[in-house]
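For reference, the structure discussed in these notes is given below.
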Amino acid sequence: MKSPATRENCCQHLCFLAFGHLQVIQDAVYWRKAEEAEPPTENISLREFENLAIDRVKLLKSVENLGVSYVKGTEQYQSKLEAEIRKLKFSYRENLEDEYEPRRRDHISHFILRLAYCQSEDLRRWFIQQEMDLLRFRFNILPKDKIQNFLKDSHLQFEAISDEEKSLREEEIIASSPSLSGVQLETESVYKIPFADALDLFRGRKVYLEDGFAYVPLKDIVAIILNEFRAKLSKALALTARSLPAVQSDERLQPLLNHLSHSYTGQDYSMQGNTGKISLDQIDSLSTKSFPPCMRQLHKALRENHHLRHGGRMQYGLFLKGIGLTLEQALQFWKQEFIRGKMDPDKFDRGYSYNIRHSFGKEGKRTDYTPFSCLKIILTNPPSQGDYHGCPFRHSDPELLKQKLQTYKISPGGINQILDLVKGTHYQVACQKYFEMTHNVDDCGFSLSHPNQFFLESQRILNGGKDIKKESTQPEPQAKPSVQKLKDASSALASLNSSLEMDMEGLEDYFST
């Protein structure tokens, strides 16, 4: 068998992720038509397995964030997503040279994430949606002369009608597609497809029907392709889930697969240059100006109740450590507050001081614990009655969240925008929208993924683009060198991709042993 040429088979590459079957043998990519997509057959190292999975997670999270921040299909959306795909070295255009390796990365990483994201209904839904958006992007940039080949290779028996047939039905097609003018139709391909394949368009009264066939303009054909893709990928994930126990029995893969879906791809904020710059007297003021809602909620509960349960102490304590509190400050801060709640000082020293010292890496295994990321807060240890930790956008009742946003002086229109994002399960984007509204900016210029990121970006805006400044009257230790330079605000995903390494909950050590 001959290796297919890169330029001639990129439509097949696109088709593969939706419907095809790939085999990677040495340097050749062979295609076989198959009813069900199957994984590539190639030996790769655990390190490459991990790296490909991490890059795919970054790509899909970029797809998600851009899809919420911009209108899908617009020039701005397309250009930013293409930039992210190029940055992560995945395939993005059909006629580029040296396309073999990006396509290979695409194929393998897709199937790795099938293993990680088949484990629950929520994970499957998220994975399918992002892969659908990625397929939509790639289809939209596919040259028109390649589209028919793509449809054929996808087993979609859709044939473009002739110009003569199109002219005969021009009036009816335009009437059924309000956004399509006569001038546009002259250059637009129209496909004659079985009525059953166009039910969604029919329900929305967006297609012309005749003799059991639907006449679908090219701009609407992607909706049918995506529906077919969703059905096939959903079925494939269900089948993968049945086989998962056998995969999880491999002790080399289980830790990675279990953590991929909860992974955080940004900075860990464990070593900050602003250590000692925050005084205890500033915390109350900072909590209303620069804390994200999750930490603002915890601070308010601590001040009112003079106590937090373990989950709240961990989440808030590590956040305070990340913004610059020293160990001595943390001990003083928590002890003062708990004593106000009538706790005996000796009891605090015996029962709580050790845990605070432990979180700073001064006790036990001497592990320097990092502040919780948004994903960790959203996906692990949900709060129960009497708890104040967690993510307000994920864990609060919508009505209570609305009331809370009202107390934060968010406008009614802004509250509705945030609640719509929450309803769509875009919790981090909802928090980012809160940031923009409380800091009076139209576009914050970053993709929010961490509470400490929220704090640092807030301080930069409030300080005119400068890093946190320590008040000269405070006796705390001299500040270390300033934190990292301001990220490029022109990129909607700058913060997400400025990370040095992925925080994989200890998996880095696991794979290096």
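Summary of computed values
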| quantity | calculated |
| --- | --- |
| Cut-off under 5 Å, modelled amide H: who pairs with Tyr208 long-range | Tyr215 |
| Estimated Rh, region 281-463: Kirkwood, alpha-carbon pairs, angstrom | 17.1 |
| Segment Asn51-Asp344, extension gain: residue separation times 0.36 nm, minus the distance between their alpha carbons | 100.5 nm |
| Lys, Arg +1 and Asp, Glu -1 on Cβ, resulting dipole of region 141-217 about Cα centre, debye, nearest 20 | 340 |
| Equivalent-ellipsoid semi-axes of region 156-225, from the Cα gyration tensor, Å, largest first | 17, 13, 11 |
| Hz values of 3J(HN,Hα) by residue in region 67-82 - Karplus curve (6.51, -1.76, 1.60), Gly and Pro given as x | x, 8, 7, 9, 6, 4, x, 6, 4, 5, 4, 4, 5, 6, 5, 4 |
| In order through region 164-170: 3J(HN,Hα) via Karplus (6.51 cos²θ - 1.76 cosθ + 1.60), integer Hz, x for Gly, Pro | 5, 4, 5, 5, 5, 10, 4 |
| Cα pair distances in region 319-367, grouped into 5 Å bins until the bin that holds the longest one, percent each | 5, 22, 29, 24, 15, 6, 1 |
| Pairs beyond 20 Å (Cα-Cα), from Lys61/Lys87; Lys80/Lys152; Lys277/Lys321; Lys321/Lys342; Lys80/Lys146; Lys72/Lys433 | Lys80/Lys152; Lys321/Lys342; Lys80/Lys146 |
| Peptides 204-213, 437-446 ordered by average Cβ neighbours within 10 Å, highest first | 437-446, 204-213 |
| Burial order of peptide ranges 388-394, 407-413, 157-163 (average beta-carbon count within 10 Å, highest first) | 388-394, 157-163, 407-413 |
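Rule-based calculations on the coordinates, nothing more; no lab input. No experiment lies behind these values; they were computed from the predicted model shown. Don't worry about glycine lacking a Cβ; one is built from the backbone with ideal geometry, like all the others, and counts go over all protein chains shown.
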